[in-house]
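Asks: Right, I'll just put the structure down here and ask away after.
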Amino acid sequence: MAHLVLLNAGGTISAEAGPGGVLRGGAGPAVLAQGLPDAALPVREIGVYRGLSEDMTFADVSGLLAALAMAVADPQTRGVVVAHGTDTLEESAFLADLMHGADTPVVFTGAQRAPGALGFDGQINLMDALAVAGSEEGRGLGAVIVFAGRILAARHARKRRTTAPDAFGADGGDLGRVAAGAVQLFARPVRSPPMDFHGLDASVEIVTAGLGASGRILDLLTQQGARGVVLQALGRGNVGRPLVEATARATASGCAVLVVSRSDEGGVAPEYEAGRRLADAGAHFCGRLDAAKARLALACLLANGLDSAGVGAALKTYGFS
Ligand code: ASP
């Protein structure tokens, strides 16, 4: 029978208040779909992770991706909603988007306010997400985030606000809106071929550049055997000489270095001398990916057995450079 799948992956949407009102992961199996008005199709809820998303591990997210792949492979599944903590929601959603090649809607959502709090936004977000997951308009978009009535491409979305109900935004704007069950699209994302998933290389780290930054952290990571580093550079993809020199030492030791920007929008390219030096040192410029997403993309590519040159080629294949 045709149905929607709801993967319950914890977060504020199913959290509870502990001593002093401090929020923690729900202890029991929350049933998120209970009490919601009927969706267009029956909803099958599956618990995949219980805690808050800051505690999620690579093993937890791999389990979530496996459950998602299984749900999508069922020909009776018309769409999948993932209810997730907002702190790392954009990361799980990005990974889901990397892997997802089918047209089945995959919709991530969550809440900024916990159940029982004034203005709990989990139910309306869930209803909106189910509406998109069950809609014709939601097909072929890859993974999306539905939050506060906005539909955003997982590839570009970020949590921009820590407390406001309208938590997420995306470089490039919204794909559409959903309200009272009606889905309206303004745009469709450009999709890339799905990536094989063989896990995530845990040695990948992010190094953030700043005024007068040294290359010490990057050198330490290289010495400790990091196979990949994301360099969150300034502006268009620039760093001072100490970080260029540390990048050259990193790449010489076989570490793959990706360059992204500390700025929110516009992306990176080796337009300035500093950026050109980084490219000459063997770093790969990563277009408009943000640091968190570049880290996951690199962790996937390394786990798939690629070396730095292979990573550079793969970034082109997947549209990241
Ligand atoms: N810290 C929480 C989490 O990410 C926040 C949320 O769910 O919105 O699980």
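Each reported figure results from applying straightforward, stated rules to the coordinates on display, with no laboratory input. Quantities reported herein were computed from a predicted structural model and do not represent experimental measurements. Cβ coordinates were reconstructed from backbone atoms using ideal geometry, including for glycine residues, and neighbour counts include every protein chain displayed.
Asks: Where does helix 122-133 land angle-wise versus the long Cα axis of the chain, in degrees 0 to 90, nearest 10?
Replies: Once rounded, one gets 80 degrees.
Asks: Given DSSP loops and a limit of at most 14 other Cβ atoms within 10 Å, what is the longest stretch of the chain that contains no such GluC sites (Glu not before Pro)?
Replies: Details: sites that count: Glu136, Glu265, Glu271.
It works out to 1-135.
Asks: Give the value in nm², to one decimal: projected area of the alpha carbon convex hull of the range 223-315, averaged over all directions.
Replies: Its average projected convex-hull area is 5.3 nm².
Asks: Separate question: How long, wide and thick is the range 123-280, going by the Cα atoms along their three principal axes, in whole angstroms, largest first?
Replies: 55, 34, 28
Asks: Where Rh is the Kirkwood radius over the Cα pairs of the range 1-107, the temperature 20 °C and the viscosity 1.002 mPa s, what D in µm²/s does Stokes-Einstein return?
Replies: 150
Asks: Here's another thing I want to ask about it. Within the chain, what's the longest run with no chymotrypsin sites (Phe, Trp or Tyr not before Pro) in a DSSP loop and at most 15 other beta-carbon atoms within 10 Å? Give the range, please. List each step's numbers first, then the result.
Replies: On the way: sites that count: Phe186, Tyr272.
After excluding every exposed loop site, the longest remaining stretch is 1-185.
Asks: On C-alpha positions alone, give me the angle between the axis of helix 58-73 and the longest principal axis of the chain, in degrees, nearest 10.
Replies: Between the helix axis and the principal axis of the chain, the angle is about 50 degrees.
Asks: Using only the Cα atoms of the range 1-56, what semi-axes does the equivalent ellipsoid have when each is the square root of 5 times a gyration tensor eigenvalue? Give whole Å, largest first.
Replies: 25, 12, 7
Asks: From the C-alpha gyration tensor of the range 86-142, pull out the three semi-axes of the equivalent ellipsoid (sqrt of 5λ each), sorted largest to smallest, in whole Å.
Replies: Calculated on Cα positions only, the semi-axes equal 24, 15, 5 Å.
Asks: Ok, one more. Against the longest alpha carbon principal axis of the chain, how many degrees, from 0 to 90 and to the nearest 10, is the axis of helix 241-252 turned?
Replies: 80
Asks: Test of understanding: in a Gaussian network model of the chain with alpha carbons linked when under 10 Å, which of His198, His156, His284 would top the mean-square fluctuation ranking?
Replies: Taking springs between Cα atoms under 10 Å, the residue moving most is His198.
Asks: Hey, what's the Cα Rg ratio for the range 37-98 versus the globular rule of thumb, 2.2 N^0.38 Å?
Replies: Rounded to two decimals, the normalised Rg is 1.17.
Asks: Then there's this: Out of every Cα pair in the range 79-198, what percent are spaced more than 23 Å from each other?
Replies: Value for the range 79-198: 21 percent of Cα pairs lie more than 23 Å apart.
Asks: Taking the chain as the region of interest, what is the percent of Cα-Cα pairs per 10 angstrom bin, listed from the shortest bin to the one with the maximum distance?
Replies: 6, 27, 32, 22, 11, 2, 0
Asks: Going by a ≥ b ≥ c, the root eigenvalues of the Cα gyration tensor, does the range 191-239 fall in the rounded group (a/c under 1.5), the prolate group (a/b larger than b/c) or the oblate group?
Replies: oblate
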